[in-house]
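See below for the structure under consideration.
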Amino acid sequence: MNQRRGLLIILSSPSGAGKSTLSRRLRAWDPTITFSVSATTRSPREGELDGTDYHFLTNDRFKREVATGGMLEHAHVFGNFYGSPRAPVQAAIDAGRDVLFDIDWQGAQQIRNSGLGELTLSIFLLPPSIRELHHRLETRGQDAPEVIAKRMEKSWDEISHWDGYDFVLVNDSLDVTEARLRTIIEATRLRRSQQPWLIEHVRALQTEFEERQ
């Protein structure tokens with residue numbers, strides 16, 4: 001079986017630039033993509049389910065997971081800890097399935113510097129303008145004005161790390177951005193490093209060639 005290696009697909013952007021919406025679209029396009037459900041110490045919002053939206057952990061449990069290597073990446077954001085549990089990610093990529101991460105630049109950097117770094121595909125989403133970014137945060141109706149203000153303050157810090165990613169897209173149209181993301185993913189899946197079976201295939205070709213001499 002010519003099974004490829006799974007990719008760690010990282011999507012990052014400032015809050016409101018569209019990464020959550022595009023993450024959902026990508027999983028609808030290819031249901032084999034596994035979403036990395038983050039762990040967090042913040043309280044669940046209305047309607048959020050433990051294990052589906054987040055793994056909700058206590059501060060002590062989260063710190064134990066970090067100390068024992070159970071988190072692939074982690075960060076402290078807006079007074080709470082967030083992280084990506086390692087075990088389900090490893091299981092997915094070993095089975096040849098891609099894992100999608102909706103994380104910030106700090107988490108992306110940690111994953112790229114980890115033992116799984118060679119399997120990463122990192123993509124940063126830029127908003128068309130700061131004005132539009134603020135408008136999107138207001139209209140989605142998830143946060144209080146003071147929270148929106150904090151997210152806007154943090155947005156430039158996020159944007160300033162745009163050049164640390166493999167690909168950067170300006171998300172001024174969800175449909176166009178989604179199409180570009182699909183193209184990037186499909187091409188990256190064909191990288192030589194993602195197809196370890198090619199080594200045996202080339203060896204077989206060499207044997208066949210030598211037998212014909």
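Readers should treat all values here as calculations from the given coordinates under stated rules, not as data from a laboratory. Treat the numbers as computed from the prediction; the structure is a model and nothing was measured. Every residue, glycine among them, receives a Cβ derived from its backbone with ideal geometry; neighbour counts consider all protein chains shown.
Summary table
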| quantity | calculated |
| --- | --- |
| Local electrostatic count at Gln106 - Lys and Arg +1, Asp and Glu -1, tallied over other residues with Cβ under 14 Å | -3 |
| Footprinting exposure proxy for Ile130, Ile103 (fewest neighbouring C-beta atoms within 10 Å first) | Ile130, Ile103 |
| MRE, 222 nm, helices only [DSSP H, n ≥ 4, -39500 (n - 2.57), over the chain, to nearest 500] | -13000 deg cm²/dmol |
| Prolate/oblate/rounded label for the range 44-167 (Cα gyration tensor, a/c 1.5) | oblate |
| Cβ-derived FRET efficiency at R0 30 Å, Val37 paired with Ala187, nearest 0.05 | 0.65 |
| Overall dimensions of the chain by Cα: Rg and Dmax, Å | 19.4, 76 |
| Charge tally in the Cβ shell below 15 Å around Asp175, where Lys, Arg are +1 and Asp, Glu are -1, Asp175 excluded | +2 |
| Distance in nm between pseudo-label sites at Ala144 and Gln213 (7 Å out along the Cβ direction from Cα) | 7.7 |
| Pairwise FRET efficiency - His201 versus Arg61, Cβ, R0 = 41 Å, nearest 0.05 | 0.35 |
| Nitroxide proxy distance, nm - points 7 Å out along Cα→Cβ at Val176 and Ala87 | 4.4 |
| Degrees separating the helix 197-211 axis from the principal Cα axis of the chain, which is the longest one | 10 |
